[in-house]
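Some notes on the structure that comes next.
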Amino acid sequence: MHLTRVTLLNNEYPTLDNYPFSLDLFQKTSQITLNSAVTFFVGENGSGKSTLLEALAHRSGFHIWRGLKRTRVELNPYEDELYRFIRLEWADGMVPGSFFAADIFRNFAKNLDEWASMDPGMLKYFGGKSLMSQSHGQSLMSLFRARYKIKGLYLLDEPETALSPKSQLELLGLFQTMSRRGHAQFIVATHSPILLACPNADILNFNRLPLEPIEYEDTEYFKIYRDFLMDRSRFV
C-alpha cells in the first residue's frame, strides 16, 4: 500500500454548477479510504470514475499523454481543476507511478517509437520490440508486464477495452503477482467481471452514494454476465 486516503475539499470548490464539481460524487463524498493493494472503481459511465482517476494522476505528479487539443463549442474552465481540491495521504511518502487509458495509449506508443529511433535500447523495457509493430492488445500487455515490475502507484482507466478475455486473465495475474510483492498498488476503473475477480481486491461502487465497497457477486457486471451465460435466450 502506498496511497491510503483521498480527501475531497468540498468546501473549497470554486463552483458547484460546472463539471466536475457538479457531479454528486464530488459533492457528497469527503473521503475515500484505500485498504487494499488493488482497488476497483465500478459504476455507470458519467458517474465520475475516470474523472477521479485523472485527478489522482495529476495530484500524484503523473503525466497523462494527450493528443492534439480540439476546439470546443463551450469552454469549461473547471474541467481539469479537480486535482487542486483533493489531498492525498501516503503510507510512506509519495511514490512514482503512471496513468493508463486505452484511448491515449497510441500517443505514448508513437512517442516511444520516436525515442527508440535515437536509442533502440529503450525497447528492451517494453518487450524488445516496437509497440507500434504489435497488435493493440499485445502492445498493451508488453507495456503492463514491463512497467508494473517497478515500485509505484498505477492508475488504469478501463484497461480491458482492447484486451481479449485471455489477456484480461493475464492482466489479472499481474495485479495479483505485483501487489503481493508489496511494491505495486493498483486503482482501476473497469467494467470487466474478469478483472473484478481479483482476490482480496476492494470494489468501490460509484452507482450509490455515499461511496462504499460492494461484493463481487453484487456488482451489476457479474449479475449481467452470469444471467446471460446461464440463459442467453432472455437477452437475444
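Each reported figure results from applying straightforward, stated rules to the coordinates on display, with no laboratory input. Quick caveat: nothing in here was measured; it's all calculated off a predicted structure. Note that each Cβ is placed from the backbone with ideal geometry, even for glycine, and that neighbours are counted across all protein chains shown.
What to note about this one:
- The 3J(HN,Hα) values that the Karplus relation (6.51, -1.76, 1.60; θ = phi - 60°) gives for segment 10-20 are, in residue order, 4, 6, 9, 4, x, 7, 10, 9, 10, 4, x Hz. Gly and Pro appear as x.
- What the phi angles of segment 75-86 give under the Karplus curve with 6.51, -1.76 and 1.60, with θ = phi - 60°, is a coupling list of 8, 9, x, 9, 4, 10, 9, 4, 4, 6, 10, 10 Hz, glycine and proline written as x.
- Those aspartates and glutamates that a straight Cα-Cα span of less than 16 Å connects to Lys151, excepting residues fewer than 8 apart in one chain: Asp92
- Residues whose placed amide H lies under 5 Å from that of Val38, excluding near-sequence neighbours: Phe186, Asp202
- Per-residue Cβ neighbour counts within 10 Å put Val188, Val38, Val236, Val6 in the sequence Val236, Val6, Val38, Val188, beginning with the fewest.
- The charge dipole of segment 178-226, taken about its Cα centre with unit charges on the Cβ atoms of Lys, Arg (+1), Asp and Glu (-1) only, comes to about 220 debye.
- Karplus 3J(HN,Hα) series, Hz, for segment 164-177 with 6.51 cos²θ - 1.76 cosθ + 1.60 (x for Gly, Pro): 5, x, 5, 5, 4, 5, 5, 5, 4, x, 5, 4, 5, 5
- Among 77-87, 208-218, 192-202, the peptide with the highest mean count of other Cβ atoms within 10 Å heads the list, and the full ranking is 192-202, 77-87, 208-218.
- Between amide H atoms placed 1.01 Å from N, distances below 5 Å from Trp90 occur with Thr4, all of them 5 or more places distant or on a separate chain.
- Checking the Cα-Cα distances for Lys49/Lys223; Lys49/Lys166; Lys28/Lys149 against a 31 Å cut-off, the pairs over it are Lys28/Lys149.
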